[in-house]
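Here the structure comes first, spelled out in structure tokens, and everything after it is commentary.
We did not get these values from a lab; they are worked out from the coordinates using the rules stated. Fair warning: this is a prediction, and the values are worked out from it, not measured in the lab. Every residue, glycine as well, gets a Cβ built from its backbone with ideal geometry; the counts of neighbours run over all protein chains shown.
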Amino acid sequence: MSQENVEIVRASFEAWNTGDMNGLRDLYHEDAVTRGLDNFPEPGPNVGREAVMRQYARMRESVDTDSVEVQAEPVDIRDRVAVRMSWRALGRGPELNMEVTAVFTVRDRCIQSVDFFWDHAEALEAAGLRE
């Protein structure tokens, strides 16, 4: 099951990178929750699929082009997938190159939650592992 969870997370990155926001929405559970980074302008939480999608739309509106890149092989931990990733964006201000680790909780083939961390070891510990 965990490899299937990894593929769902990869599909979310693919949808983001191709601009398929409807496809991305379809991967999230209607009660999904995202929790942003400490010291981020909008840390959340965003509760519910529509709130999550509004936040993602605001992020996209603030740049001209962007992409999410996986920096290391995803780590699957039961119903969670930890991914070290970067978000690169250009336009409307300085170039952005933000590296974070996201911990996705996937249940019933839907993303239930995403927690973002600056520190990779902290993310793994939150997901139930130690680096």
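Points worth noting:
- Cα-based Rg of the chain normalised by 2.2 N^0.38 Å, two decimals: 0.98
- Loop-located GluC sites (Glu not before Pro) in the range 1-96 whose Cβ has at most 10 other Cβ within 10 Å (DSSP): E95
- For the range 104-131, the residues whose amide N sits under 19 Å from a probe point set 7 Å from the Cα of M98 along the beta carbon direction are 104-105, 113-124.
- Estimated inter-spin distance, V47 and R60, nm [label 7 Å along Cα→Cβ]: 2.6 nm
- Sparse packing (at most 12 other Cβ atoms within 10 Å of the Cβ) combined with a DSSP loop state is found for the following trypsin sites (Lys or Arg not before Pro) in the range 1-92: R78, R92.
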